[in-house]
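Notes follow once the structure below has been shown.
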Amino acid sequence: MNWTTFFTFLGYHWRYHAALIASWLIPRSKKIWVVGGSKGLRFADNARHFALQARRNWPKQTIIWISPSAEVRAQAIEAGIMSFHPTSMKGLWYGFRADWHIFDVSFTDIHRFSGIGAKWLNLWHGVPLKSLDNIKPWQSKDIQSRLHDWWYRKNSQHHKKYLAYPTQAHFEYMSMVLELPLENVVAANLPRNQQLLDAACPYLSSEELQLRQQLKQTGKTLIGYFPTWRDTGMDKFMGAASTEDINALNALLEKYNALLITKWHSCSYVEYQHRGVSQTAAEINQTLAQSSHIMALSFLCDLNTVLDCCSMLISDYSGVLIDYLLLQRPIIQIPYDQEEYKNFTGVLPDYEQFSTEAGPLTKSFSQLLNQLESYLSHSDDWEKEYKLRQEKLANYYFSTKESMTKLEHLLQPVQ
């Protein structure tokens, strides 16, 4: 017998039963919501933007940010939101008291146990172009599994799970993937996209405002390159085959007084301990550090706080392409491993329409450089060919551009 596995199993079920008892004894309050995201490692993305907007819209509501990171908690507190460690006395107390647990991807963004019996709102982290089939729940029909789900209140929890999502064409798919009732999918824009629609930037920290100012003061044309994560962990920078390719890109940027800002998808960071963690990002970043016209953003950078600074976007299958449609600016696609990606991960059916309508599709590094130079030298060409196409795509993916007003009816905050 593997005693380590046995005691891990025993400890898990002991804690789960203790949490069940706590969920029965501690009444939940409609006045309290707990919020978290990114496995507690970042004060960023939809959970962060939701918390800040909710605090402003509904000041009588008690909103608590939950994170195991002292740095993240400090950022939340600086933004005016109370924050506690998930296993601290106050963190557990608010977790068991909160009527709603609100998160980016998974209820474990807050705490595995304190959300038992609460209502869950999943804000997800973007509109996908790629398939999510690899996270479909594994369902078993045997009596033991059904008894297990009943005992741990998983059956009742099913009807307390909600998703805020802007693309009605994806509702059935997201309902299946995230295992929640179809009627619990709420048509609402992603809270992080409010940053793209509100030029006043009311929710940014002093550090984020400083970064935006730094980027603007360069006087350069700003181009974003934000790729998706790959299950294989074998990223390439725009499909570049060598350091010489990166040098050629840097020379082109210098020629047109442009600056490329880039950020690997969060799964490229070892902090996430994700199966898709990049095996090449460190080597690529080392090369980029020597490039005068390329800037790599940090792990903690909240991408949508700088996305609107970019005059042009380059990406592959990342949902950032869909967010960027709201700005109606040039997009260049570089799915350099398209056939491999389709076979290994897969794309959604509407990717084919997106890939032909959003902007030019380049499949090699040399094609990308040619298209980039064409855009930088003849910026009006994009508007003639793709502006109307992008408007149609934006209407398809964003059936609503409202976020908080759509969620108010569901959440029923204290007024």
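What follows draws every value from the coordinates through simple rules; no lab data is involved. This one's a predicted model, so the numbers in the text were calculated from it and none came from an experiment. Neighbour counts are summed over all protein chains in view; Cβ atoms, including those assigned to glycine, are modelled from backbone coordinates with ideal geometry.
In table form, for the structure just shown:
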| read-out | value |
| --- | --- |
| Peptide ranges 345-357, 51-63, 10-22 listed from the most packed, as the mean C-beta count within 10 angstrom indicates | 51-63, 345-357, 10-22 |
| Reachable lysines from LYS30, criterion Cα separation under 28 angstrom, eight or more residues apart if same chain | LYS39, LYS60, LYS90, LYS119, LYS154, LYS160, LYS161, LYS401, LYS406 |
| Cα-derived Rg to Rh of segment 205-397, Kirkwood definition | 0.93 |
| Sites GLU340 and ARG28 - FRET efficiency at Förster radius 45 Å, r taken between beta-carbons, to 0.05 | 0.45 |
| Residue-averaged [θ]222 nm for the chain, counting only DSSP H segments that reach four residues, each worth -39500 (n - 2.57) | -12000 deg cm²/dmol |
| Mean separation of Cα contacts under 8 Å (6+ apart) over length of the chain, as relative contact order % | 17 |
| Matching label, Rg/Rh (Cα atoms, Kirkwood Rh) computed from the structure shown, candidates [x] 0.95; [y] 0.98; [z] 1.01 | [y] |
| Estimated FRET transfer efficiency when R0 is 41 angstrom, pair TRP93-ILE143 (beta carbons, to 0.05) | 0.65 |
| Mean Cβ neighbour count within 10 Å, used as a protection proxy, ranking 248-260, 111-123 highest first | 111-123, 248-260 |
| Residue order, fewest to most surrounding Cβ atoms within 10 angstrom, among TRP93, TRP382, TRP24 | TRP24, TRP93, TRP382 |
| Point-to-point label distance, MET234-TYR173, nm (Cα→Cβ direction, 7 Å offset) | 2.6 |
| Nitroxide proxy distance, nm - points 7 Å out along Cα→Cβ at LYS392 and TYR16 | 5.0 |
| Cross-link reach list, lysines versus LYS363, counting only Cα pairs under 27 Å and skipping chain neighbours closer than eight places | LYS130, LYS220, LYS236, LYS255, LYS263, LYS342, LYS384, LYS387, LYS392 |
| Computed over segment 205-397: relative contact order in percent, which uses C-alpha pairs under 8 Å that are six or more apart | 23 |
